[in-house]
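Values in this text are rule-based calculations from the coordinates and carry no lab data. It should be emphasised that the depicted structure is a prediction, and the values quoted were computed from it without experimental measurement. Cβ: placed from backbone, ideal geometry, glycine included. Neighbour counts: every protein chain shown.
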Amino acid sequence: MARIIVMGNSPRPLNNEVPVLMDEEIKPDHLADEHIAHQIIERVAWAVLDAEEAIHRVPAPDVGARLSRRPAQTRGLRHRGVG
């Protein structure tokens, strides 16, 4: 039996952070049936598109990371007009 696995291409080494978007066992019988084969290819296409989208999605930094990048003299100061 064969397995089709689609994962995002990550510059990081493979680890648990890289999502598996498709992991499916395929039997030769599946490919012998045109309808089932078409469904498999459709699922592969969806997984590839999802992987491409995930690669280009840039996660927003958390608040703590943003605060740590602010200059020391502005940390903790309120903005004018804010309560």
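Quick notes on this structure:
- Total formal charge among the other residues, if their Cβ is under 11 angstrom from that of ILE36, Lys/Arg +1 and Asp/Glu -1: -2
- Subtracting the Cα-Cα distance of LEU49 and ILE26 from 0.36 nm times their residue separation leaves 6.3 nm of extension gain.
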